[in-house]
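Below: the structure, in C-alpha cells.
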Amino acid sequence: MKRLRWPSWMPIDPYILLLLGTVGLAALLPARGTGADVASGASTGAIAFLFFLYGARLSTREAMDGVRHWRLHVTVLACTFVVFPLLGLASRGLVPVFLTDPLHQGLLFLTLVPSTIQSSIAFTSIARGNVPAAICAGSFSSLVGIVVTPLLAAALLGGSGGGFSADSVVKIVLQLLVPFVAGQLLRRWIGGFVARHKKVLGLVDRGSILLVVYTAFSEGMVQGIWHQVSPVRLAGLLAVQAVLLAVMLALTWYGAKGLGFGREDRIAIQFAGSKKSLAAGLPMASVLFGAQASLAVLPLMLFHQMQLMVCAVIAKRRSHDPEAVSAEEPAAPARTAVGTGGRSA
C-alpha cells in the first residue's frame with residue numbers, strides 16, 4: 001500500500017511541533033514555586049546567551065556589503081519596521097469583535113519583530129531570486145531589529161498595558177543589547193569556533209528558545225491567562241493573520257514592481273519583507289512582557305507556521321515563471337555550415 005505523505009509544498013516545521021509540545025507540557029505541568037524561580041533564572045540566562053550567539057554569528061560586514069543595493073534594503077526595512085507596524089496599529093479596530101486586547105498586543109508585537117534570515121534565503125533561492133540580496137537584507141534587518149524592535153515596542157505598546165518602564169529599558173539593555181554587542185566584539189576571536197560548531201550551537205539555540213517558551217507559558221497557566229482565549233477568538237486571530245500576510249505579500253511584490261525593481265530583486269524583497277523571525281521574537285517577548293509573554297508570543301508562533309506554508313507554495317510557483325525558466329536555459333549551440341569543414345558560418 002502506498003504511504004501517504006504530507007505535500008512537500010506545504011511544510012510543517014518540526015520545530016513548531018516541538019514548540020507546541022512545550023506549550024502542552026507547560027499546560028499539564030507548569031513550573032510553580034521554587035521550580036518557577038529556577039526556570040525563570042535559567043530562561044533569563046538562556047536569553048542572554050541567545051543574543052550573545054546572535055552577535056557572534058551575524059557578520060556585520062556581510063550585512064553592510066550590500067550597501068550598493070541600498071534601495072532594496074531600505075524597501076525591506078520600510079516593510080518590516082514601518083508598513084507592518086502601521087497595519088498592526090490599524091488592526092486595533094478589530095477589538096473586541098475579532099480580537100481581545102491581549103491578543104491584539106501580541107499581534108502588534110508580531111508586526112514589530114525583525115525579518116528572518118534562513119527562510120528568506122531558502123525561499124528566495126527556490127524561486128530563483130537574488131539570493132545575495134536576501135542574505136544582506138535578512139542580516140541587516142536582524143541587526144537593526146536588535147535596537148529598533150524594543151524601541152518600537154516601548155513606543156507603541158507602552159500606552160496599552162504593556163507595562164514599559166525604566167526597569168524594562170534596563171532589562172532590554174542587559175539581556176539583549178549587552179550580550180549581542182559582546183558577541184559582535186568577540187566575533188573576531190570566536191567566529192571560527194561558532195561556525196565550526198554550527199550544528200551543536202544550533203541545538204543549544206533552539207533548546208534555549210524552548211526553555212523560554214516553557215517558562216512564559218507556565219507563568220500564563222499559573223496566572224490563568226489562557227482562560228481568556230476561546231476557540232472563536234483563536235479562529236478570529238488566524239483569520240486576521242491570514243489577511244495581514246496576504247496584504248504584505250501583495251504589497252512587497254507589486255510595490256517593488258512599482259519602484260522599478262527587477263524580478264530577482266522583487267523576489268528577495270517579497271520574502272524578506274513579508275516575514276517575521278520566531279527566533280528573535282520569542283526571547284524579546286519574554287523580556288518585554290514578562291508574565292504576559294505567553295499570549296504575546298501566540299500570534300508570532302501561528303504567523304511563523306502560516307508564513308512558511310504560504311511562502312513555500314509561492315516560491316515553488318515563482319520557480320516555474322517563464323522568466324525564471326528562460327534564465328536557466330543554456331544558450332543554443334552555434335550552427336555549423338554544411339561543407340565548411342565544421343567551421344561556423
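Taking only Cα atoms of the range 223-316, what ratio of Rg to Rh do you get with Rh as the Kirkwood inverse-distance radius?
Values: Rg = 15.9 Å, Rh = 14.9 Å.
Reported Rg/Rh (Cα atoms, Kirkwood Rh): 1.07.
Just grab the label-to-label distance for VAL148 and ALA239, each label 7 Å out from Cα along the Cβ direction, in nm (one decimal).
If labels sit at VAL148 and ALA239, their model points lie 3.2 nm apart.
Using 0.36 nm times the number of residues separating ALA42 and LYS316, minus their current alpha carbon distance, what extension gain do you get?
Working: separation 274, 0.36 × 274 = 98.64 nm, distance 4.08 nm.
The span from ALA42 to LYS316 would gain 94.6 nm if fully extended.
What is the sum of charges, Lys and Arg at +1 and Asp and Glu at -1, for the other residues whose Cβ falls under 15 Å from the Cβ of LEU237? Mind dumping the intermediate values first?
Details: positive: ARG92, ARG233, LYS276; negative: ASP101.
Every neighbour counted, the sum reads +2.
Subtract the Cα-Cα distance of VAL170 and ALA27 from 0.36 nm times their separation in residues, and report this length gain in nm to one decimal. Mind showing how you got there, number by number?
On the way: separation 143, 0.36 × 143 = 51.48 nm, distance 3.05 nm.
Result for the pair: 48.4 nm of gain on full extension.
Quick one: which residues, 5+ away or cross-chain, put their amide H under 5 Å from the amide H of THR100? H built at 1.01 Å from N.
none
Describe numerically, in nm with one decimal, the distance between label points set 7 Å from Cα along Cα→Cβ at LEU20 and at LEU186.
3.7 nm
Would you mind pulling out the separation of the Cα centroids of the range 25-48 and the range 241-276, in Å?
Going from one Cα centre to the other spans 39 Å.
Please sort 232-242, 273-283 by packing, taking for each peptide the average over its residues of neighbouring beta carbons within 10 angstrom, highest first. Provide the component values of the computation, followed by the final result.
Working: 232-242: 15.2, 273-283: 25.5.
Top of the packing list down: 273-283, 232-242.
Every number here is computed from the coordinates shown, using simple stated rules; none is lab data. Note that the structure is predicted; figures quoted are calculated from it, not measured. In this analysis, Cβ positions are derived from the backbone assuming ideal geometry, glycine residues included, and neighbour counts consider all displayed protein chains.
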